[in-house]
DNA sequence: AGTCAATGATTAATCGGTTAATCAAAGAGC
DNA sequence: GCTCTTTGATTAACCGATTAATCATTGACT
């Protein structure tokens, strides 16, 4: 069973050595092996006649490339919730991998019985099976990533990530600019006191949103006194009236969870958007909520990020050892909704 | 970069040969190599001290297993539509693969530039990368599958499939019994003339549904004269009144598309379910329709089927060459909805 | 004719394991 | 004391490629 045709079969058929066949098939740059045009032709003929395809495992062992891109996530790749979050990335990854002729290896085995994914399962690094690996997910282990980068392993992260040491390649959404765009949308509607509500700033994407807000306030000389951290125990129904009384007419909130909280507080108070205040959410929903309000928000270009990650990884693979990091930032599409409107007149 | 600790390092540290280390680490049944308890201990100590993990690539080359399960689909694995169809399978696959310590290889490269996936891309069979392969999808190539089975390649299909020659292992939903259950649900509500609407019967799952219907009618001496094939050009708004006039009080339809068609015909005629007639759909929705009526239907156990496929494949892998086929049929959960009710009294 | 370079290909080592064949030493049986 | 078996391990071939080192021809130039 399995594959029968080996490189030696082709070599025999073409009347040359295996090394020659290898050289012709791979056509490696700067090879010691030169092959004449006639021989080259005979080899290709034999390859086609026999239906030869290099054994990727052997090729990989010998240091060659095997056209496999690994995908590593620190959470399940197919989560029950966050379905909408991951799926577009996967679509992009598959499309681009397919276009480039690569297979995708999902490292699902990386979860030890106790839980908690790690590249080094029992000290083992299965990553070497793939030519390179694309990482995604929220709860990454930066130490581990830094080690991989140091070891020169070709990896790309989906989402901006800064490591304690070393620099990693990534594709990221431009949250800074997308957030700024939301801000100008609001100022365009006449809002002058625009508050920024956020949760604990735990990762780069949240930092970027905050950045976008801070730059906007700085640019418009508005001051940044309206950025507030909202923990889960903060009672928004109490704070909202105070904020409005203070003159705030619009809110930018970090995610749809916070958006929902603000909206229900608003409901409880008998307020409506965008009549009483405007509300914009910084990015489309993460989870699968059955019904979402038609937020004013922006679309995270997940599909493009997935495809971009493949492209960057192949760049890394093409270039000499230790090149990079390669980085790509993709703009988010502004998505107007019904939760923002003209600033209420005083 | 990459992995540094080789088996020879461990061998040196433990003062034994590489073969001995291999035998201890893998503990293969019926090995020629016997190792004493003390040596065994020394080897494990060295393994842990050095953090040794076998290189999966080398292991695979040497004929060992590489703990990779392939996934092959004849359509994109991550489709834009039919999103809800594939996803639960993938969840099941991932869960079980993870539990068993396997990685998942998606054969995305199998699509040649012109389109149309095939295992034999340019005559090559990349499948051999994996220990075995799980197939899923609607538009399978049975010739190709039969060839793989003949070659003794370990494969499992998700969904019942019968091949022109050879027998393939599969996990399937029990559509026959699920359909019969729907039928008795309807008879329990007093329906006596239960029609069966279907499209072109192109695959095993549709055959099974039909079977379930035919068996039910036979068992209840109802006759099978009420099974009709509904092509896309059939005007249901014309047929529905005729059927009702004829005494039909309930419909079982093959899928939600057909269900929607019947429902809109009904709407157009000013009829309502379940007052004027009952309607049950044979299986949960395939596509992602934003709003679906609360059908009376059954749930296809997709997650369990995915997990089951992994289990069957590993069985196939464990057992001697040419064993199997292994098959598993999983019951569907009945899901009562609002589209069925007591038979209207004459 | 003799030297040198270019061309065209082969040999052999290597990647990191697995495993059949083999062998040495110790204990059992007579 | 000698053979036989069992235990405990080693050797070496092999999996199917890649690639550095090497070698044999041929033609150009002096």
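The values are calculated or read from the model by the stated rules, or taken from the named source; none is laboratory data. Computed from a predicted model, the values in this text were never measured in an experiment. Glycine also receives a Cβ, built like all others from the backbone with ideal geometry; neighbour counts cover every protein chain displayed.
Would you say residue A:40 is at pLDDT 90 or above and either surrounded by 13 or more Cβ atoms within 10 Å (Cβ to Cβ) or within 11 Å of DNA strand C (Cβ to nearest atom) (or both)?
Spelling it out, residue A:40 is indeed at pLDDT 90 or above and either surrounded by 13 or more Cβ atoms within 10 Å (Cβ to Cβ) or within 11 Å of DNA strand C (Cβ to nearest atom) (or both).
When you check residue A:54 against the structure, is it assigned to a loop (DSSP other than H, G, I, E, B), on the phi < 0 side of the Ramachandran plot and either in contact with a strand residue (DSSP E or B) (Cβ under 9 Å, 6 or more places away or on another chain) or more than 7 Å from DNA strand D (Cβ to nearest atom) (or both), yes or no?
So residue A:54 fits the description; yes.
I'm told residue A:332 meets every condition in (1) under 18 Å from the mean Cα position of the chain (by Cα); (2) modelled with pLDDT under 95; (3) within 19 Å of residue A:198 (Cβ to Cβ) except one. Can you identify the failing condition by its number?
Just one mismatch for residue A:332, condition (2).
For residues in region B:43-56 being surrounded by fewer than 20 Cβ atoms within 10 Å (Cβ to Cβ) and either within 30 Å of residue B:171 (Cα to Cα) or in contact with a helix residue (DSSP H, G or I) (Cβ under 9 Å, 6 or more places away or on another chain) (or both), which is nearest to the other protein chains (Cβ to nearest Cβ)?
B:53
Hey, any hits in region A:64-72 for a residue that's in a loop (DSSP other than H, G, I, E, B) and more than 16 Å from residue A:106 (Cβ to Cβ)?
Taking every residue of region A:64-72 in turn, at least one turns out to be in a loop (DSSP other than H, G, I, E, B) and more than 16 Å from residue A:106 (Cβ to Cβ).
Take the residues in region B:1-16 that are out of contact with any strand residue (DSSP E or B) (no Cβ under 8 Å at 6 or more places or on another chain), within 14 Å of another protein chain (Cβ to nearest Cβ) and surrounded by 15 or more Cβ atoms within 10 Å (Cβ to Cβ); name whichever of them is nearest to residue A:146 (Cα to Cα).
By that ranking, first place goes to B:5.
Looking only at region A:14-42, count how many residues are more than 11 Å from DNA strand D (Cβ to nearest atom) and either within 26 Å of residue B:62 (Cβ to Cβ) or under 42 Å from the mean Cα position of the chain (by Cα) (or both).
Total satisfying the criteria: 0.
Of everything in region A:1-33 that's in contact with a helix residue (DSSP H, G or I) (Cβ under 8 Å, 6 or more places away or on another chain) and part of a loop (DSSP other than H, G, I, E, B), which residue is farthest from DNA strand C (Cβ to nearest atom)?
A:5
Return the only residue of B:115, B:152 being modelled with pLDDT under 80, in a loop (DSSP other than H, G, I, E, B) and closer than 27 Å to residue A:109 by Cα.
On inspection, the qualifying residue turns out to be B:152.
Among the residues of region A:181-220, what is the count of those that are under 25 Å from the mean Cα position of the chain (by Cα), in contact (Cβ under 8 Å) with a residue 40 or more places away in the chain and not in a helix (DSSP H, G or I)?
Adding up the residues that qualify gives 5.
Kindly list, by first and then second residue, each pair from a residue in region A:17-40 that is within 14 Å of another protein chain (Cβ to nearest Cβ) to a residue that is more than 9 Å from DNA strand D (Cβ to nearest atom), limited to pairs with Cβ atoms under 9 Å and residues at least 6 apart or on different chains.
A:25/A:43; A:25/A:44; A:25/A:47
Scan (1) part of a helix (DSSP H, G or I); (2) within 11 Å of DNA strand C (Cβ to nearest atom); (3) within 12 Å of chain A (Cβ to nearest Cβ); (4) surrounded by 21 or more Cβ atoms within 10 Å (Cβ to Cβ) for the single condition residue B:59 breaks and write down its number.
Of (1) part of a helix (DSSP H, G or I); (2) within 11 Å of DNA strand C (Cβ to nearest atom); (3) within 12 Å of chain A (Cβ to nearest Cβ); (4) surrounded by 21 or more Cβ atoms within 10 Å (Cβ to Cβ), only one is false for residue B:59: (4).
Does region A:92-109 hold any residues that are closer than 16 Å to residue A:135 by Cα and at the interface with chain B (Cβ under 7 Å from one of its Cβ atoms), and which are they?
A:94, A:97, A:103, A:104, A:105, A:106, A:107, A:108, A:109
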